[in-house]
């Protein structure tokens, strides 16, 4: 009878879900056309793509954004952000890289901001 109690307890613990989070998170990717590869054109296209991504986050009610990736392609610039409705600096049990933490594993500097 004792082994069945352990099995029942194990199944009960497996079936208990983790506490749900009320945070909303979205990954938003946008592009902007690129006329040429001059510095001014790339900067203007990056700003346009970033503004479009932030506008999408704001429309969803997600005020905190973090740039994940920005790519300069042949004829366009692509920007990917992660947006959330919670302050990423809050202690949620997960490590959130900040400007003081340095570069991530791929060598990119993290950028965080509030809309």
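Protection proxy ranking for 23-35, 76-88, using the average of other Cβ atoms within 10 Å per residue and placing the highest first: 76-88, 23-35.
At full extension, residue 52 and residue 37 could sit 3.3 nm farther apart than now, given 0.36 nm per residue minus the alpha carbon distance.
Values quoted throughout were computed directly from the atomic coordinates according to the rules given, and no laboratory measurement underlies them. Just so it is clear, the structure is predicted and the values come from calculations on it, not from any experiment. A quick note on method: Cβ atoms are made from the backbone with ideal geometry, for glycine too, and the neighbour counts reach across all protein chains shown.
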